[in-house]
Ligand SMILES: [Zn+2]
């Protein structure tokens, strides 16, 4: 038995107006300082005012939110007792809001108890709305969250089928303030979601359809969105593509590129989307031996005409590198600024983390210890994978 799980998605320019229609009395907005400074929180407040709903703001979510921050939001929920929670921002704010929501609704549970096999209670105290201000993480529609365990310096992936927002608002107007670099990095995260979802062991017809369209849109519109932040057509297509990729991998899974991003993110603090992007062409090459057919299907979707599946799959990796060069994404971890000495010193730790990461273990081609070490070396030094 399979499920396709997702929230109501409100999309297109002015989708934020949807907030004027909701009914309730109190909302806690969970966000970060940048979103406040950009004036987006004020826009949200205006909409809630029209709906007759009062609100308070928690604006201290940091990139890669920590368990400590999440618990502070839980305390805020306990004292304020809102009937709506609004996760507003990129993946970090939305993940922090989602996790705090579940913990507040389930006071008997600890963060590490949230897993795909144990049901959790939600919607008893408040409902959740996610509002995406970047086009990448897909967190607005997924039932997973990533929280940093501060004691153990590792990222925890928490999942529960019930962690589905009441609605996800995908308004491209909220993404125009993203600088080109952030647009590029988040866009590569979305592309990695779509590609890894399409070749994953848990892929299915529903996730495939969303991944396919998403990949087409990203190759076509990401360079335009990076070049001109006011290009509303490109912003709209990227916003839709990122949410579709989120629905896709949320109902399938991801693979090694995400395992690499989680470990490199935890050890070196590099942004998630950046590492996903850097790793993606190498992970495509590594998976050719098991997934050439699927990768060739994706290659065809972006206009690559090659009958030989393995060659087409390799061309998809090359075309991905070309896209990265166009939008200013480095082609290796070394180019991303990780010093060789630090990489070597932390190598054992990175490999260990890959084995603890559910994303990597669901990769279509299962890897040996020797292979994963070689994959990491290739991603670090920028050497194409041919094994
Ligand atoms: Zn991701």
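Rule-based calculations on the coordinates, nothing more; no lab input. In this text the structure is predicted, and so the values were computed from the model without any measurement. Methodologically, a virtual Cβ is constructed for each residue, glycine included, from the backbone with ideal geometry; neighbour enumeration extends over all protein chains shown.
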**OP:** Determine Rg/Rh for the stretch 180-381; Rg is computed over alpha-carbon atoms and Rh is the Kirkwood hydrodynamic estimate from the same atoms.
**Re:** 0.95
**OP:** Rounded to the nearest Å, what's the spacing between the alpha carbon centres of the stretch 300-377 and the stretch 96-119? Just the number, please.
**Re:** 32 Å
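Antiparallel versus total DSSP beta bridges in the chain: what percent is that, nearest 5?
Within the chain, antiparallel bridges account for around 20 percent of the total.
Note the per residue figure in Å³ for the convex hull of the C-alpha positions in the stretch 8-175.
Numbers: hull volume 16.6 nm³, N = 168.
Given the Cα convex hull of the stretch 8-175, per-residue volume reads 99 Å³.
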Subject >> Per-bin percent of Cα-Cα distances, the stretch 135-195 [10 Å] >> reply: 19, 39, 36, 6
Subject >> Proxy reagent accessibility, fewest Cβ within 10 Å first, across 353, 71 >> reply: 71, 353
**OP:** Distance between Cα centroids, the stretch 45-93 to the stretch 250-279: provide it in whole Å.
**Re:** 26 Å
Original post:
In the stretch 1-57, what is the volume of the convex hull around the alpha carbon atoms, normalised per residue and reported in Å³?
Top reply: 129 Å³
Subject >> Antiparallel content of DSSP bridges confined to the stretch 8-175, in %, to 5 >> reply: 20 percent
Original post:
How long are the semi-axes of the ellipsoid equivalent to the stretch 43-98, from square roots of 5 times the Cα gyration tensor eigenvalues, in whole Å, largest first?
Top reply: 21, 14, 8
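Using a 10 Å cut-off around each Cβ, can you sort 191, 182, 301, 323 from fewest to most neighbouring Cβ atoms?
301, 182, 323, 191
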**OP:** Could you grab the relative contact order for the stretch 180-381? Cα pairs under 8 Å, six or more apart, rounded to a whole percent.
**Re:** 27 percent
Original post:
Cα extents of the stretch 223-341 along the three principal axes, largest first, in whole Å?
Top reply: 42, 38, 29
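Quick check on packing: order 106-112, 123-129 by the mean number of other C-beta atoms within 10 Å, highest mean leading.
Those peptides, ordered most packed to least, come out 123-129, 106-112.
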Original post:
What Kirkwood hydrodynamic radius, in Å, does the stretch 166-243 give when the mean of 1/r is taken over all pairs of distinct Cα atoms and then inverted?
Top reply: 12.7 Å
**OP:** Considering the convex hull of the alpha carbon atoms of the stretch 82-184, report its projected area averaged over all viewing directions, in nm², one decimal.
**Re:** 7.2 nm²
Subject >> Helix 180-199 vs. the chain, principal-axis angle (Cα, 0 to 90°, nearest 10) >> reply: 70 degrees
Original post:
Mean separation of Cα pairs under 8 Å and 6+ residues apart, divided by the residue count of the chain: what relative contact order is that in percent?
Top reply: 15 percent
Subject >> Cα convex hull of the chain, projected area averaged across orientations, nm² >> reply: 17.6 nm²
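May I ask you to order 86-93, 225-232, 46-53 by the average number of other C-beta atoms within 10 Å around their residues, highest value first?
In decreasing order of mean packing, 86-93, 225-232, 46-53 become 86-93, 225-232, 46-53.
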Original post:
Packing-wise, with mean Cβ within 10 Å as the measure, how do 56-64, 194-202, 134-142 rank, highest first?
Top reply: 134-142, 194-202, 56-64
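Quick check on the chain: helices-only [θ] at 222 nm, where DSSP H runs of length 4 and up contribute -39,500 (n - 2.57) each and the sum goes over total residues. Nearest 500, please.
-16500 deg cm²/dmol
Averaging sequence separations of C-alpha pairs under 8 Å and six or more residues apart, then dividing by the length of the stretch 8-175, give the relative contact order as a whole percent.
Working: 360 pairs, mean separation 46.9, N = 168.
Result for the stretch 8-175 is 28 percent.
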Original post:
By how many degrees, 0 to 90 and rounded to 10, does the Cα axis of helix 40-50 deviate from the longest principal axis of the chain?
Top reply: 40 degrees
Subject >> Crossing angle, helix 369-381 versus the chain [Cα axis fit, 0-90 degrees, rounded to tens] >> reply: 80 degrees
